[in-house]
C-alpha cells in the first residue's frame, strides 16, 4: 500500500499557486498535515481525493496513476472535506445509505456498517432525525461516518475536529488512532494537539510548499535546545512579544512564564525547556521577530 | 443610509462577479442583436416609424420592458436566500442593520443588476441607429429617454417584487416562482397597457400617424417580423415632460413594495424558519417516537453479542458490489427518495388526486389538460435535478466516489423518468388502450428529465427550468402552439409528430448534460 505524490502543483491564476512542487511518499500510518490557514492543505487533499485536477505532477496509488484511473483510488478512498453539505430532509441512516449506494457497496453489508458507524460516532439518538436540524458538530460526525463507509484504505480527513466539543474531539482522536494499521490516514489541521498523539509522521506545509516531512521525534529533535522559559513581569510581556516568538504564557506569583521559541537564549535568565510539537510547528512555520530584525 | 449603500454595493459586486451575470449580459446583447436585426418590430396597423433616434429608442426600450417584466424578476430573485445559505444573513442579523435598510439594500442591488441590462440595450439602440438608422441624426435625448421612462419603472417593480417574494416565507421557493408567472400572465392584459407603456405609445404615435394622413384604425403590435407590406411614417418622439410624470407612481409603488418586504422578513432567525418547515419534516420527527425499529434487524442481532461499537475494528467489513445492475437500481431508488423526500402532504395529495383524476376523466380531457399538469406539478422536483449536489454542498462527497459521472447522473435521470411515470401512472394506464397517444406520454417522460438535468447541471440553479417549463406549458397545451406541445395535448401536435421530436432530442440532451458535468469535474 503506497501513495506517491511527485512534484504536484496547482495554479489558480497567472501568479497564484495553491501548491508548488509537492512531493511525498506514504505507507500505512497516520500523516498529520500541519500548516497555517491558506497553506495549501485542502488543495493537496482535494487533489489526492480526485476532486481537483493538478496543474502538473502526478499522484499514484499502488503504482497506478490516479489522474488516468481515478476509480482505482476512489474504490478505497474515504474523504471528509473541510466544507461539506448534507441533504437536509434526509435522516442519518438515509443519507449514509444513499452514499453507500453511490460508493457502490453491497447493500446488506452496508446496512450493518451504517448502523455500527452511527453508534461509533455517537449519533444513535439522532439516527432518524433530519440532518437539516443538526448542530455543526453533529454534522461533522455524519461526515466522519460517511468517510468510513467503505472501509477505506486511504482516509483523507480535512480539519476533522472543527465544531466538535472536547469529548467528541477525544473520541475522534481515539478513532483515528484505532484506524491506523493497514491503511493510510491523512489528517490535515492547524491544531497541533490533534496530531500530537496519533500521527506517525508529520508534514509541515506553508505557502503551498512542503517544508518538512519527518517523524514527530525528528521534528522534536530539530527544536531541542530552542525552547526557553523566561519569567518576566507582566508589564514586559508586550515588549518581549515584539522581539521573540512567544509560544504561550503562564501566570505565576512571581510574574509571567513566557515560553519562547528561539535559536538562542532570549535572556541570561531564560532556562531551556523540553520541546513539544507545537514548538516545532511554530519554529518552522511562524515568522520569528528576531529573524525579521 | 451608509449601511444601505454598502449592503447594496457589496451585493452588487458579488453578483456581477459571478459567471451567471456574464450569461445575463450575453443574453441582453443577444436580445439587442435580435432587435437590431429586425426580429422584433413595432407597428401600428401596417405602419412603422422611420428608423430614427426616437423610434429606435422606443422600439428597443419597449421590447426590453416587455421581457424584463417577466424575466427581470427571475434574474434577480434569490439573493436573500443566498444570504441565508451562506450564513452571511446571520452576521447581518446580529448587526444594528434595520430590516428596512436590509430590504431596500437588496432592492437597490436588484435594481442595479437590471440596470446593467438596460445599459446594454441602450448601447444596442445607439449601434442600431448608427448602422440601420434611416435617419441617423444622433438625438440622444429621444434615443435614451424611453429607457429611463419606460424600462426603469418596470426594473424597479421587478426588483421590488423579487425582494418581497424572497422575504415571504411561502413565496421564497418554487411556489413563488410559479405564482409570479401566473400573476404576470393574468395581470399583463389588465394593467400591461399602462405598465408597459403600450397605451401612451399608441396614443402619441396615432396622433402623429393621423396627422400625416394615414389610414389607421387602431392597434399596436410588438412582435416578430411578419410578412406585411409596411408603410412608414415620421415620428419625432414624445413630449417627455407629459409622459414621465404619471410613471413616477411606479417608483413609489416599488419603494413601498420593497418596504413591505420588511414585514414578513424573518431576519434570518433559523428558529422561525424551522417552524415553517414542511409537514414532512414534522412527520419524520413524529415518526421517531413511534414504536418502529430504530435500527435494522442485523443491528439487533449484533447488538445481542456486542452492545457497544467502540472500536473501528468491530465494524462490519464491506466490499464493493460487482452486480452493476443491482447497484444502479439502488442508486436510482436513492435518487428517487431524494426527489420525493421533504415534500409537503399537500404535494402528495395533489399528486394522488392527479392519478385518480386521470383514471376517471374522459380520455380527451386527460390528454388535453391533465397530462400537462402531470409534468407541471413535480416542477420543484424537476428543478432540483442535476444541481442538488451543488445546492446542498454535497458535490465533493459525490465526486470522490467511484464513477461519479456514469453512475450518478444517469441514475438521477432515471429517477426523474420514474417520477414522471409514478405521477403519470393514471395517464399511462388509460393510454395503454390508446397506443396512438402513447408517444406524447413517452415524450414527457424522456424529455422533461433530460431538460431538467441539463439545465440543472449547466445553470446550477432551479429557476431556468422553472421558467422554461412554465413557458412551455403556457404556449403549448394552454395556447395550442404545436411546437411547444411536448406531450401532444392538441390533435395538431400529435398529427405533426411533435412528441417524436421531443423523444428524439431527449437522449442528446442527456448526453450533453454528461459532457458538461465531465467538463465541470475536469476544471475543479
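The values are calculated or read from the model by the stated rules, or taken from the named source; none is laboratory data. Please read all numbers here as calculations on a predicted model, not as lab measurements. Here Cβ is always computed from backbone atoms with ideal geometry, including for glycine, and neighbour counts include all displayed protein chains.
Note on region A:57-67: among residues that are free of Cβ contacts under 8 Å to residues at least 40 places away in the same chain and either within 20 Å of residue B:397 (Cα to Cα) or touching a helix residue (DSSP H, G or I) at 6+ places or on another chain (Cβ under 7 Å) (or both), the one that is surrounded by the most Cβ atoms within 10 Å (Cβ to Cβ) is A:66. Scanning region A:70-85 for residues that are within 19 Å of the chain's Cα centre (by Cα), within 7 Å of chain B (Cβ to nearest Cβ) and either in contact (Cβ under 8 Å) with a residue 24 or more places away in the chain or in a helix (DSSP H, G or I) (or both) yields a count of 4. If the condition is being more than 7 Å from chain B (Cβ to nearest Cβ) and touching a residue at least 24 places away in the same chain (Cβ under 8 Å), then region A:134-147 contributes A:134, A:135, A:136, A:137, A:139, A:140, A:141, A:142, A:143, A:144, A:145, A:147.
If the condition is being in a helix (DSSP H, G or I) and free of Cβ contacts under 8 Å to residues at least 12 places away in the same chain, then region B:479-494 contributes only B:491. Kindly indicate whether residue B:366 is buried (at least 16 other Cβ atoms within 10 Å of the Cβ), at negative phi and part of a helix (DSSP H, G or I). Here the answer is yes, as residue B:366 does meet what is asked. Of the residues making up region B:149-180, those that are part of a helix (DSSP H, G or I) and either farther than 27 Å from residue B:124 by Cβ or without any contact (Cβ under 8 Å) to a residue 12 or more places away in the chain (or both) are B:163, B:164, B:165, B:166, B:167, B:174, B:175, B:176, B:177, B:178, B:179. Give me the residue from region A:100-125 that is in a loop (DSSP other than H, G, I, E, B) and facing another protein chain (nearest Cβ under 7 Å) and, out of that set, surrounded by the fewest Cβ atoms within 10 Å (Cβ to Cβ). For region A:100-125, the residue satisfying everything is A:106.
Taking the criterion of being more than 10 Å from every other protein chain (Cβ to nearest Cβ), in a loop (DSSP other than H, G, I, E, B) and either under 23 Å from residue A:159 (Cα atoms) or within 18 Å of the chain's Cα centre (by Cα) (or both), the residues of region A:32-65 that qualify are A:35, A:36, A:37, A:38, A:39, A:40, A:54.
Scanning region B:193-224 for residues that are in contact with a helix residue (DSSP H, G or I) (Cβ under 8 Å, 6 or more places away or on another chain), buried (at least 16 other Cβ atoms within 10 Å of the Cβ) and in contact (Cβ under 8 Å) with a residue 40 or more places away in the chain yields B:195, B:196, B:197, B:198, B:200, B:201, B:216, B:220, B:222.
Residue-by-condition table, conditions (1) surrounded by fewer than 16 Cβ atoms within 10 Å (Cβ to Cβ); (2) farther than 30 Å from residue B:216 by Cβ:
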residue	(1), (2)
B:9	yes, yes
B:15	no, yes
B:50	yes, no
B:62	no, no
B:69	no, no
B:101	no, yes
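Taken over region B:317-362, residues that are part of a loop (DSSP other than H, G, I, E, B) and without any contact (Cβ under 8 Å) to a residue 12 or more places away in the chain amount to 8. Considering region B:395-406 alone, what residues qualify as being touching a residue at least 60 places away in the same chain (Cβ under 8 Å), assigned to a helix (DSSP H, G or I) and within 7 Å of another protein chain (Cβ to nearest Cβ)? Once the filter is applied, which keeps residues that are touching a residue at least 60 places away in the same chain (Cβ under 8 Å), assigned to a helix (DSSP H, G or I) and within 7 Å of another protein chain (Cβ to nearest Cβ), region B:395-406 yields only B:399. Tallying residues that are part of a helix (DSSP H, G or I) and within 13 Å of the chain's Cα centre (by Cα) within region A:201-243 yields 0. Residues that are more than 22 Å from residue B:244 (Cα to Cα), part of a helix (DSSP H, G or I) and touching a residue at least 24 places away in the same chain (Cβ under 8 Å) within region B:121-148 comprise B:124, B:127, B:128, B:129, B:131, B:132, listed in sequence order.
In region A:86-99, of all residues being within 8 Å of another protein chain (Cβ to nearest Cβ) and part of a helix (DSSP H, G or I), the one that is nearest to residue A:66 (Cα to Cα) corresponds to A:99.
Scanning region B:105-125 for residues that are surrounded by 18 or more Cβ atoms within 10 Å (Cβ to Cβ) and under 10 Å from residue B:32 (Cβ atoms) yields a total of 6.
Might you let me know whether region A:7-17 holds any residue that is more than 27 Å from residue B:520 (Cα to Cα) and free of Cβ contacts under 8 Å to residues at least 24 places away in the same chain? Scanning region A:7-17, I find no residue that is more than 27 Å from residue B:520 (Cα to Cα) and free of Cβ contacts under 8 Å to residues at least 24 places away in the same chain, so the answer is no.
Return a yes/no flag: does region A:189-200 have any residue that is touching a residue at least 60 places away in the same chain (Cβ under 8 Å), assigned to a strand (DSSP E or B) and surrounded by 19 or more Cβ atoms within 10 Å (Cβ to Cβ). Yes, some residue in region A:189-200 is touching a residue at least 60 places away in the same chain (Cβ under 8 Å), assigned to a strand (DSSP E or B) and surrounded by 19 or more Cβ atoms within 10 Å (Cβ to Cβ). Given the residues B:379, B:340, which is the only one that is away from chain A (no Cβ under 14 Å), closer than 30 Å to residue A:103 by Cα and modelled with pLDDT under 95? Result: B:379 is the single residue among B:379, B:340 that is away from chain A (no Cβ under 14 Å), closer than 30 Å to residue A:103 by Cα and modelled with pLDDT under 95.
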